[in-house]
Amino acid sequence: MIVADKKPVEEIIEFVKDNKKILILGCNECVTVCEAGGKKEVGVLASTLRMYFLNQGKEAKIDEITLERQCDHEYLEEIRDVADEYDAIVSLACGVGVQFMAEKYHSVPIYPGVNTCFLGATEERGLWTERCQACGNCMLGITGGICPVSRCAKRILNGPCGGSSKGKCEINKDLDCAWQLIIDRLKALDRLDDYEKICPIKDWSTDRAGGPRKVVREDVQI
Amino acid sequence: MRLTYPTSIKIVLVPCTGKVDVIHILRAFEKGADGVCVIGCMEGECHFKSGNFRARKHVEQAQKILETIGIGGGRAQMYNLSAGDGPLFAEYAQDIHDKIMELGPNPIKLKKHKAA
Ligand code: SF4
Ligand code: SF4
């Protein structure tokens with residue numbers, strides 16, 4: 001899923017401090033799971049802003065809506081009739097949702113209410129770690145299911161580098177060396193022969209190096 | 001025991017302090033409470049294992065928010081006591097009462113009144 005973190009409330013206040021009608025818009029998907037932008041967080045931010053404005057002696061109407069998703073036309077359409085009523089919308093969706101909102105509703109400024117961080121997994125409640133950088137050409141099949149692109153600090157494809165020590169990466173002793181994990185995993189799978197094969201130069205044109213990307217699937221287009 | 005505690009305190013019963021979320025604390029302030037005090041079981045004695053630890057985190061989050069927006073983080077407090085310890089409950093109730101008296105009324109309540 002997409003992992004996001006809360007934006008400091010001071011930053012959000014700075015965006016909206018001069019507005020009078022504000023919508024806090026949550027998203028029911030990834031940001032709900034990582035507890036940054038779901039219904040609960042919408043409620044907390046809305047309450048915080050209401051108290052902030054009252055304490056400033058200002059009057060402001062703060063509404064709360066949480067959509068099923070903000071990265072899909074059909075769900076964003078649900079606020080079509082109300083979006084224009086606001087002076088500002090704070091979207092607690094990931095950067096995709098915020099942008100999709102901004103593309104769809106032109107008359108209202110849309111502000112991000114979270115910091116979108118990475119594609120990752122919930123290791124335990126309150127701990128999310130990166131797993132994928134959407135390189136567009138997945139190589140997990142040859143690396144024992146461990147991604148060197150997102151989990152090796154140097155993104156090297158024939159690792160480890162000389163900095164790998166006691167299973168940890170040289171940039172941080174708390175960080176597992178991705179290549180150590182790959183070797184351990186291939187060993188456990190009795191596939192160390194795969195490790196011996198030199199991985200050819202990766203085609204990074206499917207990654208960000210090729211500019212903004214798109215996926216076109218004519219087979220499912222109508 | 002017939003112990004007394006300040007009449008300023010309104011008790012809200014919850015099944016476990018773990019049920020008290022940040023939003024509940026914030027809403028109380030939004031509605032004009034001068035302070036919120038969450039009293040949970042002793043640490044390590046939660047029937048649901050970690051409810052009181054979770055409550056403490058929620059109180060801390062609320063304190064941070066209240067501090068940031070100028071209401072005062074000290075208005076939210078967390079205490080732990082055993083359910084059978086009436087005298088300590090009365091003591092904590094007095095303690096939160098005194099703390100709030102020192103801080104004065106919830107500033108947004110005053111501003112709300114002024115606006116009305
Ligand atoms: S190889 Fe690429 S697509 Fe596969 S997990 Fe890593 S970054 Fe993601
Ligand atoms: S120590 Fe391991 S994870 Fe860190 S940069 Fe080197 S190969 Fe990559």
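So, of the residues in the range A:76-95 that are open to solvent by 50 Å² or more (accessible area, probe 1.4 Å) and out of contact with any Ser or Thr (no Cβ under 8 Å at 6 or more places or on another chain), which turns out to be nearest to A:I12 (Cα to Cα)?
Residues of the range A:76-95 open to solvent by 50 Å² or more (accessible area, probe 1.4 Å): A:77-78, A:80-81, A:84-85, A:87.
With the extra rule that they be out of contact with any Ser or Thr (no Cβ under 8 Å at 6 or more places or on another chain), the set shrinks to A:77-78, A:80-81, A:85, A:87.
Values: A:E77: 25, A:E78: 24, A:R80: 23, A:D81: 25, A:E85: 20, A:D87: 14 Å.
Checked the range A:76-95; the qualifying residue nearest to A:I12 (Cα to Cα) is A:D87.
Restricting attention to the range B:40-65, which residues are within 12 Å of chain A (Cβ to nearest Cβ) and under 20 Å from B:I11 (Cβ atoms)?
Passing the criteria: B:H58, B:A62.
Quick one: how many residues across the range A:37-53 are open to solvent by less than 10 Å² (accessible area, probe 1.4 Å), within 13 Å of chain B (Cβ to nearest Cβ) and within 24 Å of A:E77 (Cα to Cα)?
4
Which pairs do you get when a residue that is assigned by TED's automatic domain parsing to the domain that holds A:F100, found in the range A:73-86, comes within reach of a residue that is loosely packed, with under 10 Cβ neighbours inside 10 Å, reach meaning Cβ atoms under 8 angstrom, with the pair 6+ apart or on two chains?
Qualifying pairs under 8 Å: A:A83/A:S107; A:D84/A:S107.
Taking the range A:119-138 only, how many residues are open to solvent by less than 20 Å² (accessible area, probe 1.4 Å) and closer than 23 Å to A:I201 by Cβ?
Filtering the range A:119-138 for residues open to solvent by less than 20 Å² (accessible area, probe 1.4 Å) gives A:120, A:135.
Within this subset, residues satisfying the condition of being closer than 23 Å to A:I201 by Cβ are A:135.
Residues flagged as open to solvent by less than 20 Å² (accessible area, probe 1.4 Å) and closer than 23 Å to A:I201 by Cβ within the range A:119-138 amount to 1.
Tell me yes or no: at least one residue of the range B:66-79 is touching a residue at least 24 places away in the same chain (Cβ under 8 Å), away from chain A (no Cβ under 14 Å), part of a helix (DSSP H, G or I) and surrounded by fewer than 21 Cβ atoms within 10 Å (Cβ to Cβ). Can you show your working first?
Start the filter on the range B:66-79 by keeping residues that are touching a residue at least 24 places away in the same chain (Cβ under 8 Å), which leaves B:66, B:70-72, B:74-79.
Still in the running and away from chain A (no Cβ under 14 Å): B:74, B:77-79.
Add one more test, that the residue is part of a helix (DSSP H, G or I), and what stays is B:74.
If we keep only those that are surrounded by fewer than 21 Cβ atoms within 10 Å (Cβ to Cβ) as well, we get B:74.
Looking for residues that are touching a residue at least 24 places away in the same chain (Cβ under 8 Å), away from chain A (no Cβ under 14 Å), part of a helix (DSSP H, G or I) and surrounded by fewer than 21 Cβ atoms within 10 Å (Cβ to Cβ), one finds at least one in the range B:66-79, hence yes.
So which residues in the range A:96-109 are open to solvent by 80 Å² or more (accessible area, probe 1.4 Å) and either over 20 Å from A:F15 (Cα atoms) or of a type in the set (G, A, S) (or both)? So that I can check it myself, show each step before the final result.
Within the range A:96-109, the first condition is being open to solvent by 80 Å² or more (accessible area, probe 1.4 Å), and the residues that meet it are A:99, A:103, A:106-107.
A:S107 - this is the single residue of the range A:96-109 that is open to solvent by 80 Å² or more (accessible area, probe 1.4 Å) and either over 20 Å from A:F15 (Cα atoms) or of a type in the set (G, A, S) (or both).
Identify, from the list A:E59, A:E14, the residue that is open to solvent by 70 Å² or more (accessible area, probe 1.4 Å), under 24 Å from A:E103 (Cβ atoms) and within 14 Å of chain B (Cβ to nearest Cβ).
Values: A:E59 fails: under 24 Å from A:E103 (Cβ atoms).
Criteria check complete, one pass: A:E14.
Can you spot a residue in the range B:40-54 that is outside any helix (DSSP H, G or I), at negative phi and touching a Cys at 6+ places or on another chain (Cβ under 6 Å)?
So in the range B:40-54, the residues outside any helix (DSSP H, G or I) come out as B:40-50.
Next, from what is left, pick out any that are at negative phi: B:40-43, B:45-48, B:50.
Now drop any that are not touching a Cys at 6+ places or on another chain (Cβ under 6 Å), which leaves B:48.
Yes, some residue in the range B:40-54 is outside any helix (DSSP H, G or I), at negative phi and touching a Cys at 6+ places or on another chain (Cβ under 6 Å).
Report, by residue number, each residue of the range A:160-175 that is closer than 17 Å to A:R131 by Cβ and surrounded by 17 or more Cβ atoms within 10 Å (Cβ to Cβ).
A:C169
Which condition does A:V96 not pass, out of (1) out of contact with any helix residue (DSSP H, G or I) (no Cβ under 8 Å at 6 or more places or on another chain); (2) within 16 Å of ligand 1 (Cβ to nearest atom), if it passes all the others?
Condition not satisfied by A:V96: (2).
Can A:I2 be described as more than 10 Å from every other protein chain (Cβ to nearest Cβ), under 13 Å from the mean Cα position of the chain (by Cα) and at negative phi? Break it down stepwise before answering.
Numbers: more than 10 Å from every other protein chain (Cβ to nearest Cβ): yes; under 13 Å from the mean Cα position of the chain (by Cα): yes; at negative phi: yes.
Yes, satisfied.
So which residues in the range A:13-38 are among the β-branched types (V, I, T) and more than 24 Å from A:E68 (Cβ to Cβ), if there are any at all?
Keep residues of the range A:13-38 that are among the β-branched types (V, I, T), which gives A:13, A:16, A:22, A:24, A:31-33.
Answer for the range A:13-38, where residues must be among the β-branched types (V, I, T) and more than 24 Å from A:E68 (Cβ to Cβ): A:I13, A:V16.
Listed residues B:K109, B:K114; which is within 12 Å of chain A (Cβ to nearest Cβ), surrounded by 15 or more Cβ atoms within 10 Å (Cβ to Cβ) and under 16 Å from B:E30 (Cα atoms)? Give the derivation first.
Values: B:K114 fails: surrounded by 15 or more Cβ atoms within 10 Å (Cβ to Cβ).
That would be B:K109, the only listed residue that is within 12 Å of chain A (Cβ to nearest Cβ), surrounded by 15 or more Cβ atoms within 10 Å (Cβ to Cβ) and under 16 Å from B:E30 (Cα atoms).
What about A:G26, is it assigned to a loop (DSSP other than H, G, I, E, B), more than 8 Å from chain B (Cβ to nearest Cβ) and modelled with pLDDT of 95 or more?
On the way: assigned to a loop (DSSP other than H, G, I, E, B): no; more than 8 Å from chain B (Cβ to nearest Cβ): yes; modelled with pLDDT of 95 or more: yes.
Considered against the rule, which asks whether it is assigned to a loop (DSSP other than H, G, I, E, B), more than 8 Å from chain B (Cβ to nearest Cβ) and modelled with pLDDT of 95 or more, A:G26 comes out as no.
Answer with yes or no whether A:T116 is free of Cβ contacts under 8 Å to residues at least 40 places away in the same chain and closer than 25 Å to A:V9 by Cα. Steps first, answer last, please.
Details: free of Cβ contacts under 8 Å to residues at least 40 places away in the same chain: no; closer than 25 Å to A:V9 by Cα: yes.
No.
With within 16 Å of ligand 1 (Cβ to nearest atom), of a type in the set (G, A, S) and in contact with a helix residue (DSSP H, G or I) (Cβ under 6 Å, 6 or more places away or on another chain) as the only criterion, which of A:G120, A:G141, A:G136, A:G145 stands out?
On the way: A:G120 fails: in contact with a helix residue (DSSP H, G or I) (Cβ under 6 Å, 6 or more places away or on another chain); A:G141 fails: in contact with a helix residue (DSSP H, G or I) (Cβ under 6 Å, 6 or more places away or on another chain); A:G145 fails: in contact with a helix residue (DSSP H, G or I) (Cβ under 6 Å, 6 or more places away or on another chain).
From the options A:G120, A:G141, A:G136, A:G145, the qualifying one is A:G136.
So B:G84 ticks every box in (1) at pLDDT 95 or above; (2) open to solvent by 20 Å² or more (accessible area, probe 1.4 Å); (3) more than 14 Å from every other protein chain (Cβ to nearest Cβ); (4) over 30 Å from A:K58 (Cα atoms) but one. Which box is left unticked?
Among (1) at pLDDT 95 or above; (2) open to solvent by 20 Å² or more (accessible area, probe 1.4 Å); (3) more than 14 Å from every other protein chain (Cβ to nearest Cβ); (4) over 30 Å from A:K58 (Cα atoms), the lone unmet condition for B:G84 is (1).
The values are calculated or read from the model by the stated rules, or taken from the named source; none is laboratory data. All values derive from a computational prediction rather than experimental measurement. In this analysis, Cβ positions are derived from the backbone assuming ideal geometry, glycine residues included, and neighbour counts consider all displayed protein chains. When the accessible area is computed, the model is the full protein with side chains, heavy atoms only, and any ligands, DNA or RNA have been set aside. Shrake-Rupley method; radii C 1.70, N 1.55, O 1.52, S 1.80 Å.
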